[in-house]
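J.: A single structure is presented below for examination.
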Amino acid sequence: MLGPLIGAGAVAALAGAAAYQSMSPWAQAFGSTFVSGRTSSKRIALTYDDGPNDPHTLRLLEVLEKDGVRATFFVIGHYVERRPDIVRDLLQAGHTVGNHTFTHPNLAVASPVQNRIQLEECQRAVQDATGEAPKIFRPPFGGRLPYTLRIARSLGLEPIMWNVTSYDWRTPPAAKIVKTCERHMRGGDVILMHDGDHEKFGADRWQTVVATHLLIEAWREKGYEFVTIPELMGTAVSRPSSVVG
């Protein structure tokens, strides 16, 4: 009787470990991803998922321009097709645009063929909109399997994760978004925020826009600078984080 119970427990433990590796932003067992930069640096990367989104990606562009900051935007392909002008504005303003799939599925439960279609279609949408294909990729929800990362790299995409989560998709007040980030922020961080919503176009992200300005203002006073992911990767080391957000 005990043997089957032990066997079932081992299977459950393995399943749990596999689920962790497929979804945790800092797990590396399924393949290397960029999580964050050097802790000794005073550089921070603001990243925004699920756009382009009218009007809040545009409002965010205004705030970043006013603050003189360049950020990284991981865009959803079918939203790019809807508002290619916003993606062009992002690139023209000096921001980095990354691939966030075409329709935002969890790639960890999608087949290899579906993974490839999602990445290729987002590449095509951005290429059609801007004349440039993304060089970086973030899996929706963080979900990936080994073949996800292999497919991404075959398309010239470097997988990018994060190590500080803002939880702004819950639409808390800006002050709470800032507080959530600041509990864990340090040098080399990649901050996960959202300028859109994968479930609907036109989502209200005004609190994220306000929180962005507050974070920039506060951390510049501490001597930090805000950079794009490619700039942060210039000082990158492999550093799995123990911080969920």
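The values are calculated or read from the model by the stated rules, or taken from the named source; none is laboratory data. Because the structure is a prediction, the values reported are computed rather than measured. When we count neighbours, we look across all protein chains shown, and the Cβ atoms used for this are built from the backbone with ideal geometry, even at glycine. Surface accessibility is based on the protein's heavy atoms, side chains included, excluding ligands, DNA and RNA. Shrake-Rupley method; radii C 1.70, N 1.55, O 1.52, S 1.80 Å.
J.: Only residues that are buried (at least 19 other Cβ atoms within 10 Å of the Cβ) and of a type in the set (Ser, Thr, Tyr): list them for region 170-218, please.
T.: Once the filter is applied, which keeps residues that are buried (at least 19 other Cβ atoms within 10 Å of the Cβ) and of a type in the set (Ser, Thr, Tyr), region 170-218 yields THR180, THR208, THR212.
J.: If you scan region 54-69, which residues turn out to be in contact with a helix residue (DSSP H, G or I) (Cβ under 7 Å, 6 or more places away or on another chain) and of a type outside the set (A, V, I, L, M)?
T.: Within region 54-69, ASP54, HIS56, THR57, ARG59, ASP67 meet the criteria.
J.: Mind counting the residues in region 142-152 that are over 13 Å from the mean Cα position of the chain (by Cα) and not in a loop (DSSP other than H, G, I, E, B)?
T.: 7
J.: Please go through region 120-161 and give me each residue that is over 17 Å from THR96 (Cα atoms), hydrophobic (A, V, I, L, M, F, W, C) and open to solvent by less than 10 Å² (accessible area, probe 1.4 Å), ordered by number.
T.: LEU149, ALA152
J.: Sticking with this one: So which residues in region 106-141 are without any contact (Cβ under 8 Å) to a residue 60 or more places away in the chain and in a loop (DSSP other than H, G, I, E, B)?
T.: Listed by number, the residues that qualify are ASN106, ALA110, SER111, GLY131, GLU132, ALA133, PRO134, PRO139.
J.: Which of the helices (runs of 4 or more DSSP H) contained wholly in region 153-240 include at least 3 residues that are among the polar types (S, T, N, Q)?
T.: 206-221
J.: Checking the structure you have, find out if any residue of region 64-76 is more than 23 Å from GLU182 (Cα to Cα) and touching a strand residue (DSSP E or B) at 6+ places or on another chain (Cβ under 8 Å).
T.: yes
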